[in-house]
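A quick write-up on the structure given underneath.
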Amino acid sequence: MTASLLDRVPVIPVVVIENLDHAVPIARALVAGGVPVIELTLRTPVALDAIERIAAEVPDILVGAGTIITPGQAKQAADAGAQFLVSPGCTPSLTKSMRDTGLPHLPGAATVSEVLTLLEAGYTELKFFPAEASGGANFLKSIHSPIPAARFCPTGGISTENASTYLALPNVGCVGGSWLTPGSAVAQEDWDAVTRLAEATSTLKTSAQ
């Protein structure tokens, strides 16, 4: 990949797929709204199949796998067609398994020590999770001066109300959010609503823009 995961879109949609038939329509709705990235969490039995289906049928979207919590899941996601990986935390075996896939990936950190551990391992782009519960934007603002090399994609508690606060920080490249695919819209198969929510994120700007 030529572009950093953190620099592709202001908001990466974090999506939980319960019904496999919803996978492709959601991906197409996001693309129509100008958001060509999707992170599917491995929280449901159909998640890997959903990744495979989107990878095969929606070539215009960058499809990733989130909630990678075991080394085996990294390979499973890669084999299903995932193009990037995201983990809520980090362990030596977990980061090794993600690195071994050759895919871009964001290991998670929620403390200064975890950030430093990942920097030592060669990472400069990280997931900050759970963002709001771990100190939110104030935490990231506080660590930027002593740890300027680290950049983040905060997720967990991010919404339309606070996304701009995070995106204004110099060490935040993008945020992850679930509000682009609300459960009510998905249940009603209201893909136009998903497209409109995706379009609204185009007004959000990062500090680098």
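The mean accessible area for residues of the stretch 127-209, using a 1.4 Å probe and ignoring ligands and nucleic acids, is 47 Å² per residue. Highest GNM mean-square fluctuation among Ala82, Ala56, Ala163, for the chain modelled with Cα contacts below 10 Å: Ala56.
In whole percents, the pair-distance distribution calculated for the stretch 1-104 from its alpha-carbon pairs, binned every 10 Å from zero, is 16, 51, 29, 3. Asp100 exposes around 100 Å² of accessible area when a 1.4 Å probe is run over every protein chain in place. Here the accessible area is traced with a 1.4 Å probe on the protein chains. For the stretch 91-209, carbon and sulfur cover 54 percent of it. Candidate cross-link partners of Lys205 among the aspartates and glutamates, defined by an alpha-carbon separation under 16 Å and a same-chain spacing of 8 or more, comprise Asp7, Glu161.
Highest mobility in the GNM of the chain, judged by mean-square fluctuation with C-alpha springs under 10 Å and restricted to Ser113, Ser134, Ser97, is found for Ser113.
Counting only lysines at least 8 places from Lys75 when in the same chain, those with an alpha carbon closer than 21 Å to its own are Lys96, Lys127. Under the rule of at least 5 residues apart or a separate chain, name every residue whose amide H is placed under 5 Å from the amide H of Gly177. Placed amide hydrogens put Ile12, Val14 under 5 Å from Gly177. Keeping the other protein chains in place, figure out the carbon and sulfur percent of the accessible area of the stretch 30-85, with a 1.4 Å probe. Carbon and sulfur: 51 percent of the exposed surface of the stretch 30-85.
The GNM of the chain, with springs linking C-alpha atoms under 10 angstrom apart, assigns the highest mean-square fluctuation among Gly33, Gly136, Gly102 to Gly102. Averaging the Cα positions of each part gives two centres, and for the stretch 69-101 and the stretch 1-39 these lie 19 Å apart. Within the chain, the proportion of C-alpha pairs whose separation exceeds 23 Å stands at 40%.
Over the stretch 7-62, give the accessible area per residue in Å² for a 1.4 Å probe, as an integer. Present the calculation step by step, with values, prior to reporting the outcome.
Working: 2280 Å² over 56 residues.
Here the residues of the stretch 7-62 average 41 Å² of exposed surface.
The values are calculated or read from the model by the stated rules, or taken from the named source; none is laboratory data. In this text the structure is predicted, and so the values were computed from the model without any measurement. All accessible areas refer to the heavy atoms of the entire protein, side chains included, with ligands and DNA or RNA removed. Shrake-Rupley method; radii C 1.70, N 1.55, O 1.52, S 1.80 Å.
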